[in-house]
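These notes concern the structure reproduced below.
The values are calculated or read from the model by the stated rules, or taken from the named source; none is laboratory data. Because the structure is predicted, anything quoted here is derived from the model rather than measured. Every residue, glycine as well, gets a Cβ built from its backbone with ideal geometry; the counts of neighbours run over all protein chains shown. Protein only, heavy atoms only, side chains kept; ligands, DNA and RNA dropped before computing areas. Shrake-Rupley method; radii C 1.70, N 1.55, O 1.52, S 1.80 Å.
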Amino acid sequence: MLQYIGAQTVHIVGDGVGWDIPPNNSVSYTNWASGKTFKVGDILVFNFMTNQHDILRVPKSSYDACSKDNAIGSAITTGPANITLDSAGEHYYICTFGSHCQVGQKLAITVSGTPGVNPPTSSPPTTPATPSPTSSQPDACAPTPSSAPNAGGPAPSATPPPAGTPYPPPPDSSSTSVFASLLLVLLLSIGAALVI
């Protein structure tokens, strides 16, 4: 039940102009992005009117050609839209309506990773197998490390991260749910005993 809580920045694309055709080239999304730092976990807010614009993430070659070819995901057609930056590297976004991209409605940014913090992921959580609680051997009830791949976060390390670096949240676990349920039952039992 733990949620990802980390330092993330919300970027309003185009500031007050929003995600629109740049009027007389007075607003360039390249100029808007320059000087800004984008990190994994940050959020891009595209303010636009539904059915007037869309957002499509594409590779550089499609960005340069203002083409839908080789799109990364599906176009977002309902505005306003929030996009969480989920990976480091170059990110390219275009509007596919008419010639909007050709007249400047496109955005290229560089996203850096955030050491020591795991961003939220869209993959479903895995539930580790737990031994039977009826085992008479204490070691059989101890949690075992998961062999699931690390979801793009830093590799496990024997040394702690530098001071001031937040630890990533613990993985979701059915053990946590079981413990919370048992704790709740225990507290309710104690409360009932005190009332009687």
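Here is how the numbers come out for the structure above:
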| quantity | calculated |
| --- | --- |
| Of all residues making up region 74-91, the number that are assigned to a loop (DSSP other than H, G, I, E, B) and of a type in the set (D, E, K, R) | 1 |
| Qualifying residues in region 48-66 (those that are in a loop (DSSP other than H, G, I, E, B) and in contact with a strand residue (DSSP E or B) (Cβ under 7 Å, 6 or more places away or on another chain)) - the one nearest to Phe97 (Cα to Cα) | Asp54 |
| Scan of region 37-65 for residues that are within 16 Å of Leu85 (Cβ to Cβ) and open to solvent by 80 Å² or more (accessible area, probe 1.4 Å), ordered by number | Thr37, Lys39 |
| Filter result (of a type outside the set (Ser, Thr, Tyr), without any contact (Cβ under 8 Å) to a residue 60 or more places away in the chain and surrounded by 14 or more Cβ atoms within 10 Å (Cβ to Cβ)) within region 66-79 | Cys66, Ala71, Ala75, Ile76 |
